[in-house]
Ligand code: FE
């Protein structure tokens, strides 16, 4: 399995393939992806499935099912300080306690946005992503443009997502690996004081938990 393990890449870190990476791809994951693609081609070719319908289903898993799990984790952290402490110390265990675990969620580290630090997650070399809490990675997360640019010019990329950070806020870019997946704990927005956990979960977005949105 993968051997890469490196910490956060700060703004300006020149991330290339020259820093000793041997970011092994998970053969299980790759084999599954190829099989899925083969199956998709067959069922579409036979007219059994409309590719648009398939896209709609994928979209649903990307935006709805998976990220709803993560939103519950974040909402709990916003409303339960003890849970939040646990989540930041041992993300995997705290997340497991809510029933979210499984493949690509074996080691999840949760990183907290503050007044002074904004975190954003990437996998520079492939598409590592915490499936149990976020579902399937969106296409942009896997795109070479995002993977290279968010490291070199995170503020510009975040602006393109509509997120304009004050210049006083530091941006930290975290490079996911097969060993560690990151989940961003966004700041609880002003005006949400009266909301309970289910209401809060509804305002938490997938992009907020990747770091390309504020919430
Ligand atoms: Fe990856």
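Miscellaneous remarks
- Residue ID - farthest from the ligand (Cβ to nearest atom), chosen from residues in the range 1-59 that are at pLDDT below 75, in a helix (DSSP H, G or I) and surrounded by 13 or more Cβ atoms within 10 Å (Cβ to Cβ): 59
- Of everything listed in (1) at negative phi; (2) surrounded by 21 or more Cβ atoms within 10 Å (Cβ to Cβ), the single unmet condition for residue 135 is (1).
- Among the residues here, residue 171 qualifies as at pLDDT 95 or above, over 13 Å from the mean Cα position of the chain (by Cα) and either within 16 Å of the ligand (Cβ to nearest atom) or not in a loop (DSSP other than H, G, I, E, B) (or both).
- Qualifying residue in the range 76-99 (condition: within 16 Å of the ligand (Cβ to nearest atom), under 16 Å from the mean Cα position of the chain (by Cα), surrounded by 15 or more Cβ atoms within 10 Å (Cβ to Cβ) and at pLDDT 70 or above): no
- Test for residue 215: is it over 25 Å from residue 56 (Cβ atoms), in contact (Cβ under 8 Å) with a residue 60 or more places away in the chain and in contact with a helix residue (DSSP H, G or I) (Cβ under 7 Å, 6 or more places away or on another chain): no
- Residue in the range 183-200 that is within 16 Å of the ligand (Cβ to nearest atom), over 17 Å from residue 114 (Cβ atoms) and surrounded by 14 or more Cβ atoms within 10 Å (Cβ to Cβ) present: no
- Scan of the range 117-152 for residues that are touching a helix residue (DSSP H, G or I) at 6+ places or on another chain (Cβ under 6 Å), away from the ligand (no atom under 14 Å from the Cβ) and part of a helix (DSSP H, G or I), ordered by number: 133, 140, 149
The values are calculated or read from the model by the stated rules, or taken from the named source; none is laboratory data. Only a predicted model underlies this, so the values are computations on that prediction, with no experimental measurement involved. All Cβ positions, glycine included, derive from the backbone under ideal geometry; neighbour counts span all protein chains shown.
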